[in-house]
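J.: I'd like to ask you about the structure that follows.
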Amino acid sequence: MTARLSVRTKLTLVYGALMLVVEAVLLGVVYTLMTYVPSYRITALDPPPVGWEPAIPWDTQPTVGIAIESKADVLTSLVWSGGVALALVTGLGLFVCWVVAGRVLSPLARITAAAHTATTGTLHERIALPGRDDELKRLADTFDGMLARLEREFGAHQRFAANAAHELRTPLTVTRTMLQVALAHPEDHDLRVLGPKLLATNERSIATTEALLVLASAEHAHVRTETVDLAALAADVVAQASAEAAERRVTVDSRLAPTWVAGDPALLGQLLANLVHNAVRHNHVGGQVAVTVAPGPAGGGTLTVANTGPVVPQNELGFLFEPFYRRSGRAGRGGDGRGHGLGLAIARAIAEAHGGWISVVAHHAGGLTVTGSL
């Protein structure tokens, strides 16, 4: 199995090898300069034989470069040669290091380019850095994951804005139309008939606006923490939903074990109410709802709301938590129109504000099981 080297190890090995090469080149250059440039006039320690004289007088011998006649001359020559060699090797080393560093850090240039592209609003491009799993590749993969999440969130917010505008515009348009018709033909309209219609349309607008405010507060709220019995909250919610369940002929069974969690009782009650009322409303005549609350295996609590009802395709499960998402028989337009398509979105926001999560599973025979952990 090939060992995976970190970027730090790679840089250490590369620049260590470069340093070794540079030192070897420097040694060779200094050796070459000291061998061929100076003219050495070194006197032997032993006296010359009697009667020996040089063939050419010392003062007439040719001199090339620096004449070495003393210890000071040798040191001067060494400093001069070393300086020239240092300048040459430094220039060469800087050029080589520039090239090598550019190749080693080229992935950072790709990451920077992708970040610059993302700032322009283009979120679909990815770095997709090839190579081994080192620090730079993990950084690139993390950045790709962040871009993918931002793209999903940006798309969800765009859909949310469009759906919210539609939800708020529809009742206003209906109200305007009814008023225009009534003003155009006042003799054909009775206030006792028109008033309740306008009031119902207005109440739906208020309910939608209040649901949006609850969603916003759940997503950005500072959770007021106190010890809450989740089972007691669930019992109250089941009791409140009993009338609607009886009206729809839906049976609600509950198994509620004492479960204490830290959280905001108002928000947690809203979470339970949304899940239970959704389970009752998006059901069929003679259907069933099962509400379970139990302590979590690692502390906290878990809650489960399962219901019968229409079949939900697997590919739609991921959209159920999006605000205003609707499908036939699920929210708003399915049933009596009481829903706004915000119930699960609010429930998830509340769970996440408490450090928990919510998941959903579709039954093959129809209906859903929503599980939350707090």
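J.: Looking only at region 107-130, count every residue that is farther than 22 Å from Glu153 by Cα and in contact (Cβ under 8 Å) with a residue 12 or more places away in the chain and tell me the total.
T.: Qualifying residue count for the region: 4.
J.: Mind counting the residues in region 252-299 that are among the acidic types (Asp, Glu) and at pLDDT 90 or above?
T.: Adding up the residues that qualify gives 1.
J.: Output the residues belonging to region 283-303 that are within 21 Å of Ser373 (Cβ to Cβ) and surrounded by fewer than 16 Cβ atoms within 10 Å (Cβ to Cβ).
T.: Listed by number, the residues that qualify are Gly296, Pro297, Ala298, Gly299.
J.: Also: Would you check if Thr63 is assigned to a helix (DSSP H, G or I) and modelled with pLDDT under 75?
T.: no
J.: Which one is modelled with the lowest pLDDT, of the residues in region 183-238 that are in contact with an Asp or Glu (Cβ under 6 Å, 6 or more places away or on another chain) and outside any helix (DSSP H, G or I)?
T.: Per the stated criteria, the residue is Val223.
The values are calculated or read from the model by the stated rules, or taken from the named source; none is laboratory data. Please read all numbers here as calculations on a predicted model, not as lab measurements. Heads up, the Cβs are rebuilt from the backbone with ideal geometry, glycines too, and the neighbour counts pull from every protein chain shown.
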